[in-house]
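Values quoted throughout were computed directly from the atomic coordinates according to the rules given, and no laboratory measurement underlies them. Every value quoted in this text rests on a predicted model; they were computed, and no experiment measured them. Reconstructed Cβ throughout: ideal geometry from the backbone, glycine too, with neighbour counts over all protein chains shown.
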Amino acid sequence: MTALLTIIIVLFVAVALWQMVKIFDLAQVGTTTSQVADDHDNKINGYLMIGFLIFIYVITILSFWYLGDLPLMSNSASEHGVEVDNLMIISMVVIFIVQTLTQFVLHYFAYKYRGEKGKKALFYADNTTLEFIWTVIPVIVLAGLIIYGLFTWNDIMNIDEDEDPMVIELYAQQFNWKARYSGADNVLGKANVRLIDIDRANVLGVDEDDPNAQDDVIVTELHLPVGQPVVFKMRSQDVLHSAYMPHFRAQMNCVPGMVTQFGFTPTITTADMRENADMVEKVKNINTLRLERKAEIEESGQELIYEFDYLLLCNKICGTSHYNMQMKIIVETQEEFDAWMKEQKTFPNSLN
Amino acid sequence: MSATIDTHGHEEDHDVHHHKETFITKYIFSIDHKMIAKQYLITGTIMGVIGVLMSIMFRMQIAWPEKPNLLFEALLGKWAPDGVMDADIYLALVTIHGTIMVFFVLTAGLSGTFSNLLIPLQIGARDMASGFLNMVSYWLFFLSSVIMVCSLFVEAGPAAAGWTIYPPLSALPMASGGSGLGMTMWLVSMAIFIASSLLGSLNYIVTVINLRTKGMSMTRLPLTIWAFFVTAVIGVVSFPVLLSAALLLIMDRSFGTSFFLSDIFIQGEVLHYQGGSPVLFEHLFWFLGHPEVYIVILPAMGLVSEIMASNSRKPIFGYRAMIASILAIAFLSTIVWGHHMFISGMNPFLGSVFTFTTLLIAIPSAVKAFNWITTIWKGNLQMNPAMLFSIGFVSTFITGGLTGIILGDSALDINVHDTYFVIAHFHLVMGISALYGMFAGIYHWYPKMFGRMMNKNLGYLHFWITAICAYGVFFPMHFIGMAGLPRRYYTNSNFPLFDDLANANVIITLFAIVGGIAQIVYLYNFFSSMFFGKKAEQNPWRSTTLEWTTPVKHIHGNWPGAIPHVYRWSYDYSKPGHDVDFVPQNVPLKEGEEELQH
């Protein structure tokens, strides 16, 4: 019944708006005879163009003001992240300059050259020099960005085996993450979804007979020692997922049937990041907002006070609970890491 | 075909038709390109209303997550128990919104309408090369629209795997409720849509190549025709690849093949699939998917170029450069698809190649933007609603296009891939821009389509509200994306990390609602002007192109007498040595007058 009433109300609102537009329409009968813009229209819309230019600038400034702590351009927590952030800042500066200038020119011209009766436009069809200039300038700017970008990209994607990165498997399934450490031998035991045995709690399908698997450790919370290069080998058992670790400027899809990889070196421990001045302010802001919705948050069972943690999020649409597929990441000192690792069960011990 | 029409075209009493047209042959199974254009437009408009309504619904869910809402209860039925939107239907709304807007509104609604309307009229042809194929093309489109809309009512839910329908999610009903019958209908609908699109494109290509009137050389064509022509070529090259992807996916789903699937364990059982790869699907999909965005934007560019020149009373600046950039964009568009797949697991070296080709596209795009700006420089701008939408087009095209520099750069894409940054980028650069191009086209050619004028003041109201809301919705999204918020999340409330973005999401939704409601102004104007609008003159905007030499009242065959010959390019506005500020293409050169050799 409420549904029907709502539909009727929505329809009434639509009809009311329609009628208002109609009144607006009918009110003009007699005032304008032509539906082609005249000098009056040109003038008003010319001024509005300047107004709109100001609106674009204002919304830009407001966005920077309220949303512009630009967390993805500062405070990266990985080694390559610094390069990514630099490139991002350079690109943003280029974009900002071009955007400000071209929008100005466009809207200013629209205002300045608004039509007037009797005025004649300039017959100006071509100018090779001008076109040459604005072909070449983008070429030069883009060449710089492309070269910088490609160096950064190669740097990120080439995993340096000499640095002896720690091998960790990230395992995705609807709708959670698991991680498998390769243990002392730094080699992951063989695995395939055909070996999954739920009854024995072999949920990742690791080959029990593989010697390399004997020291593997499967966990649901990712711990990383600071300063230690890691390479993630990613697998998915069902659909596409994407392992997104925004603070580390890292992301790679998890694809069923193949193993993908992404490597980085974490540089800031969780504890240090919590002390970071920007982060302290951000967290404070978030907690103020959370206190405003206290009742609602407590009802949902979440902790009321937020404390910063690195996160691994799923960033490829993967079904109903895609929006809640996450895993906590903790970056800590080597000692803390070793102590934590000691408490974890190895793969053979985790089986039923 | 054209010869037979030619002969009866010479008869004076053409208005008295030889073959009597019934209601059915005139309004329903019409083979007249002008009627087919209107059919495309109205079907596209209806689909557009559905698509926009969906976006308002899921925006409300994002702003006020899991709050009961009477609108949801009313429209979503069992998918909104107690008025709270279900997570599955949220994904379905996102999916169908994308599909409808990209394909049904901005491909068929835009290209279908204006290619059909303008190609014969502007090149000086009696009709399309094959009127029958044209009719079949429309009715296939109509059929695919009907199937797509019907899929919304499937018991287990409509397709909900994103408009990119990546398998395995789209292939396995166990993975997502929408991947059962809903996805089957999606695939069937798209297969029919592609057939429709191909028939249309082939027709456009053949018509432009063969049926140009005497004197209409390729370098005298209006830029609209160039844009439609090149768009049709891209469509013919890339749409069949999507069809093949859809067919292979149908085989994986229904006949147990393993093109895209391998090693899957779901809901307690191992599936038999072995050896396929979802990455292959991504390649096939984006081989169409990326050219598709140019299929959407090029016609809009063509319309805007034409409208800007006409309303600036100036020739388009750099006519040849504009053609060259259309061709360059078309060529590059077919070799950049991999920039959607930088982090798909594809070889990183390919990532480098695609970064290079992708950023190259910025060059012809920049040339076009600068040329439009120079076109209005020192013009005598007639601020008709169509002109406002054209200026708005350039504005959003620049704003949205610039962030492509970030997304096209593989190193930067890692971190903003699939976040709201992407949504902001493509909605501005191809969604809003193409929509502006379409609105501009409708306001400009409405007199040609319906013989009446739209109300200009309602047009102004429509433009300014839409323009403000478009920026209000999509500009802040860049920042939300840079904060790392992934797209397609039903709610962000499980991530306290993003709590400080909640207010911005509310503001965005408010802009979206106002912007959506403002379209009622347009709908009113569009439908009421058909019957009550002021009668149009033959050439209300004082344009040079051939469509304005046809009578206001539509006749089959377009020109009552012989088809006009063409003596000049289509941009002789404010040419020195003429009393009026426009010289139509069918006016012979004066003695001693030179046709500009650009």
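Tabulated values for the structure
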quantity: Convex hull (Cα only) mean projected area of region B:528-598, reported in nm² to one decimal; calculated: 6.5
quantity: Under 5 Å, built H, 5+ apart or other chain: amide partners of residue A:254; calculated: A:241, A:242, A:243
quantity: FRET efficiency, 1/(1 + (r/R0)^6) with R0 60 Å, evaluated for residue A:13 and residue A:307 via beta carbons; calculated: 0.85
quantity: Mean ellipticity per residue at 222 nm, deg cm²/dmol - from DSSP H runs of n ≥ 4 across chain B, formula -39500 (n - 2.57); calculated: -19500 deg cm²/dmol
quantity: Inter-chain shielding of A:99-109 (mean C-beta neighbours from other protein chains, 10 Å cut-off); calculated: 4
quantity: Cα Rg, Dmax (largest Cα-Cα span) when computed across chain A, Å; calculated: 29.2, 91
quantity: For B:500, A:162, order by how many other beta-carbon atoms lie within 10 Å, fewest first; calculated: A:162, B:500
quantity: HN-Hα J in Hz across region A:302-316 - Karplus 6.51, -1.76, 1.60, θ = phi - 60°, x for Gly and Pro; calculated: 7, 5, 6, 8, 8, 10, 5, 9, 5, 9, 10, 10, 8, 10, 9
quantity: Relative contact order (%) - criterion: Cα under 8 Å, at least six apart; region: chain A; calculated: 17
quantity: Projected area averaged over orientations for chain B, convex hull of C-alpha atoms, nm²; calculated: 27.8
quantity: Segment residue A:281-residue A:74, extension gain: residue separation times 0.36 nm, minus the distance between their alpha carbons; calculated: 73.1 nm
quantity: Leading residue at positive end of dipole, region B:72-210 (Cβ point charges), from B:142, B:89, B:162; calculated: B:142
quantity: Other protein chain Cβ atoms within 10 Å, averaged over every residue that makes up A:259-266; calculated: 1
quantity: Two-site label geometry, residue A:104 and residue A:199: point separation in nm, points 7 Å out along Cα→Cβ; calculated: 7.5
quantity: Counting all C-alpha pairs of region B:88-245, share separated by more than 29 Å (%); calculated: 27
quantity: Degrees separating the helix B:362-376 axis from the principal Cα axis of chain B, which is the longest one; calculated: 40
quantity: Lys, Arg +1 and Asp, Glu -1 on Cβ, resulting dipole of the protein assembly as shown about Cα centre, debye, nearest 20; calculated: 4480
quantity: Likely footprinting exposure, B:537, A:335, fewest C-beta neighbours within 10 Å first; calculated: A:335, B:537
quantity: Rg/Rh ratio calculated on Cα atoms of region A:110-233 (Kirkwood radius); calculated: 1.44
quantity: In degrees, nearest ten, helix A:277-292 long axis to first principal axis of chain A (Cα); calculated: 80
quantity: Per-pair calculated FRET efficiency, R0 = 30 Å: residue A:271 and residue A:208 via Cβ, rounded to 0.05; calculated: 0.20
quantity: Stokes-Einstein diffusion coefficient of the protein assembly as shown, Kirkwood radius over Cα pairs, 4 °C, 1.567 mPa s, in µm²/s; calculated: 44
quantity: Amide hydrogen neighbours beyond the local backbone of residue A:223, cut-off 5 Å, H modeled; calculated: A:330
quantity: Paramagnetic reach from residue B:320 (point 7 Å along Cα→Cβ, amide N under 17 Å) across region B:197-229; calculated: B:217-223
quantity: Computed E for residue B:280/residue A:259 - FRET, C-beta separation, R0 22 angstrom, nearest 0.05; calculated: 0.85
quantity: Two-site label geometry, residue B:503 and residue B:21: point separation in nm, points 7 Å out along Cα→Cβ; calculated: 5.9
quantity: Packing-based exposure ordering (other Cβ within 10 Å, fewest first) of B:554, B:425; calculated: B:554, B:425
quantity: Spin-label model distance (nm) - residue A:132 vs residue B:156, 7 Å beyond Cα toward Cβ; calculated: 6.4
quantity: Compactness relative to 2.2 N^0.38 Å, alpha carbon Rg of region A:164-350; calculated: 1.09
quantity: Highest-fluctuation residue, A:74, A:34, A:182 considered, GNM on chain A with Cα pairs under 10 Å; calculated: A:34
